[in-house]
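A short reminder: the numbers here are calculations on the coordinates, not readings from a lab. Since the model is a prediction, treat every value here as computed from it, not as a measurement. Heads up, the Cβs are rebuilt from the backbone with ideal geometry, glycines too, and the neighbour counts pull from every protein chain shown.
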Amino acid sequence: MASSAHTRTPCKHQTPPDLPAPTPLERPNETVETMRARLVYQSRKRGTLESDLLMSTFARDQLATMSEEELREYDRFLDEPDWDIYYWATGKRTPPERWANSKILEKLRVHAKNEGKVVRSMPAL
């Protein structure tokens, strides 16, 4: 007999409840150059091919021109789960309030739309 106690998986159009933001690691002595290098790596090594491609090409195109404040916001953004980032960037789900007015997420959404129809591949290491 099948158990009646099971977890319902939300359909693709539902947004799961807003979970608290992950607690970021403190890096008090990190230089801006070191932060950029770390963010390139973290953008490239996400855990899913979809996120790797989206985030690594975004980092390649955007990190060099980001201010220190934008880099810190991007750093916090990368602490979010891969699939959440992917769905927020592609507009499949509504981001939580903490990212509702994010300049980084807005730039990522423009990048994800790829209106220029650029063929993208993983950047060279």
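Some values worked out for this structure:
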quantity: Unit Cα scatterers, Debye sum, the stretch 32-113: log10 I(q)/I(0) for q = 0.14 Å⁻¹; calculated: -0.39
quantity: Per-residue ³J(HN,Hα) for the stretch 47-55, Karplus 6.51 cos²θ - 1.76 cosθ + 1.60, θ = phi - 60°, Hz, x for Gly and Pro; calculated: x, 10, 4, 4, 5, 4, 5, 4, 6
quantity: Prolate/oblate/rounded label for the stretch 23-64 (Cα gyration tensor, a/c 1.5); calculated: oblate
quantity: Karplus (6.51, -1.76, 1.60) ³J(HN,Hα), θ = phi - 60°, over the stretch 23-28, in Hz, Gly and Pro reported as x; calculated: 7, x, 6, 7, 9, x
quantity: For Phe77, net neighbour charge (Lys/Arg +1, Asp/Glu -1) across residues whose Cβ lies under 11 Å away; calculated: -1
